[in-house]
Structures are given as C-alpha cells and as structure tokens.
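Quick notes on the structure that follows.
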Amino acid sequence: MTSLLAGGLAAGFLKSWGMILVSEIGDKTFFIAAVMAMRNSRQSVFGGAAGALAAMTVLSALMGWAAPSLISKQYTQYGAALLFFVFGFKMLYEVITASEKGDETSEWDEAEKDVKAAEAAKVKQNGKPTNGGKANNKSNDKQQDALSQLFSPVFLEAFVLTFCAEWGDRSQIATIGLAASANVVGVSLGGILGHCMCTGGAVLGGRQMAAYVAERTLAITGGVLFLAFGVHALYEGMYDSS
C-alpha cells in the first residue's frame, strides 16, 4: 500500500486531471451524457456516466501500475512515451485533416445516434418507450426509494453506453500510460475528479458549453499536452537507464 502512495501523488493527480479535462470535454462520452440528460433524470445520467468513467479510470490505472511488474520500468516509460506521442500526433493530425476537408460531423452527432439506437432497442424490447425513470407525479416521487431512483434503467443505460464508448478511447490508453510512469493513486484520483467535472458539466448544459469551447481548440490543447507527457516519459526512461 505504501508503494502506491509513495512519491509524486500530487504530480500524478495534476497530470491526470489536466489530461482528462482537455481530452474529455467535447468527446463522445461527454455528449452521450449531455444527450441523455436532456431526456432523462440528470441524477441518474450523472451517476451512470460518472460511475462508468470512474470504474474505467481505476481499471486503466491498475493496468498501467501493473505494467512495470511485467516489464522493466525503463521499457515501460518508453512504451508510455510512445503512446503519448501516437495520440498527441493523432489528435493534431485529425484537427488538420478535418479543417482541410471541412468535415462537419461532430462528436455530438455521433453521441446522439448512439443514444437513439439504445433507446430504440429498449423500446423494441419493452414494447413501449420509457421516460427514463422520471416520476409522472409528485406523490410517486415521494414514495419512491432514493436507491431505486439512482439505479434506474437510465443509470444502467448511461453506465453501459459510457463504458463501451470509453473502452479503447485515447483517454483510457493515456491513463494506462500515465499510471505506468506516475503515481497510480494520484492518476486515479485526478482522472476520477476530471471525469466527474466533465460529466457534471455535460448533464448541466453540455451543448451550451460546447458552443463556447471549440472542439478544435480542445483537440490542439490535448495534442500538445499529450506530446509534453510523451517527452517527460521519454526523459524518465532515459534517466532510469543512466
């Protein structure tokens, strides 16, 4: 346990927190929460989406933490640097090619399609649409238990959609790489806080927020940040070998 907490907790926390903020605002999981919150209970959507992202963060951080036990720390640092460089250049490349092609397809459109597909499948299975756990009247609201409201079908739908969308996403891979080269507890806590902040913003007014924060600007910032993390991990690997 002491090895998990030893050294660099604040650095790991800040790196993970900053990385999540610049990579998740305007991302597909961000808009999934925003779209679902427009039609369903915000509490249920936030609980499901944030829970999925927290679980994914802890799982990814543990994978990164375990990597040095299987591979030498030097090569783990080099692997993390490679991941950061790949995703950093990929983000910047996507910005350049999207602007050249005039691509208008947004993460919002993709997220809306996923949510509609999930709702259509649910209607087909149940035979009728649901209101996402919202009470039809105040008396039913008062009688309904708080836990049953939280773990509603909407909670499960938000959890599953978000977890599937996040699996293999750049932020998940980056979390693995970051945990391999930084304090795993700091990375986990920073990632969870960052995800909760982004998800909270999404359910409260994701589309309005995205209108003021350009996806292009966030992608450029995220790409540069990933490259900076890559340089740092590469330096750490070279330092360990000396």
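The values are calculated or read from the model by the stated rules, or taken from the named source; none is laboratory data. Here the structure is a predicted model, which is why all the values come from computation and not from measurement. All Cβ positions, glycine included, derive from the backbone under ideal geometry; neighbour counts span all protein chains shown.
Okay, here's what the table says:
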| item | result |
| --- | --- |
| Helices (runs of 4 or more DSSP H) enclosed by the stretch 1-84 - at least 3 residues per element that are over 16 Å from residue 178 (Cα atoms) | 28-39, 42-70 |
| Failed item, numbered, when residue 229 is tested on (1) closer than 14 Å to residue 13 by Cα; (2) modelled with pLDDT under 85; (3) surrounded by fewer than 21 Cβ atoms within 10 Å (Cβ to Cβ) | (3) |
| Given (1) under 19 Å from residue 180 (Cβ atoms); (2) at pLDDT below 80, index of the condition residue 114 fails | (1) |
